[in-house]
Amino acid sequence: MDDQELVTLLSNLESDRVERKASISDMKKIRQAICAFANDLPNHKKPGVLLVGVNDDGTCANLSITDELLLSLANIRSEGKILPFPVLQVSKRTLNIAT
């Protein structure tokens, strides 16, 4: 997914394909979102996108995205709480958004 696609997702409302989380304080809700994306019940045949460090209104939550945080998110795949194991891509992206 390129930066322009992410900017478009940020500017739209949350949906069954897009979830925003200001922090990772509630890992249960993050796992639930990943599980829902993996199941793709609406049959979008497109990946779900979990935007961490983003407020519900699409603005930056000023969350420090560290290597430890990225590893914690990546480890969700193999911790055994979501079966079958979801396909995940975890990356840090910095987007320039005109306000």
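What to note about this one:
- The listed residues are 76, 24, and the only one of them that is assigned to a loop (DSSP other than H, G, I, E, B), touching a residue at least 40 places away in the same chain (Cβ under 8 Å) and in contact with a helix residue (DSSP H, G or I) (Cβ under 7 Å, 6 or more places away or on another chain) turns out to be 24.
- Scan of the stretch 85-94 for residues that are of a type in the set (A, V, I, L, M, F, W, C), surrounded by 13 or more Cβ atoms within 10 Å (Cβ to Cβ) and in contact (Cβ under 8 Å) with a residue 40 or more places away in the chain, ordered by number: 88
- Taken over the stretch 46-73, residues that are touching a residue at least 40 places away in the same chain (Cβ under 8 Å) and on the phi > 0 side of the Ramachandran plot amount to 1.
- In the set (1) under 16 Å from residue 92 (Cβ atoms); (2) at pLDDT below 95; (3) exposed (fewer than 13 other Cβ atoms within 10 Å of the Cβ); (4) not aromatic (Phe, Trp, Tyr), residue 64 fails one condition alone, (2).
- Candidate set from the stretch 43-73 (those that are of a type in the set (Val, Ile, Thr) and part of a loop (DSSP other than H, G, I, E, B)); member that is farthest from residue 16 (Cα to Cα): 66
- All of 34, 82 fail the test of being more than 13 Å from the chain's Cα centre (by Cα), in contact (Cβ under 8 Å) with a residue 40 or more places away in the chain, surrounded by 11 or more Cβ atoms within 10 Å (Cβ to Cβ) and over 20 Å from residue 4 (Cβ atoms), apart from 82.
- In the stretch 31-39, the count of residues that are assigned to a loop (DSSP other than H, G, I, E, B) and either under 16 Å from residue 97 (Cβ atoms) or touching a helix residue (DSSP H, G or I) at 6+ places or on another chain (Cβ under 9 Å) (or both) is zero.
The values are calculated or read from the model by the stated rules, or taken from the named source; none is laboratory data. Computed from a predicted structure; not experimentally measured. FYI the Cβ positions are ideal-geometry reconstructions off the backbone, even for glycines, and counts take in every protein chain you see.
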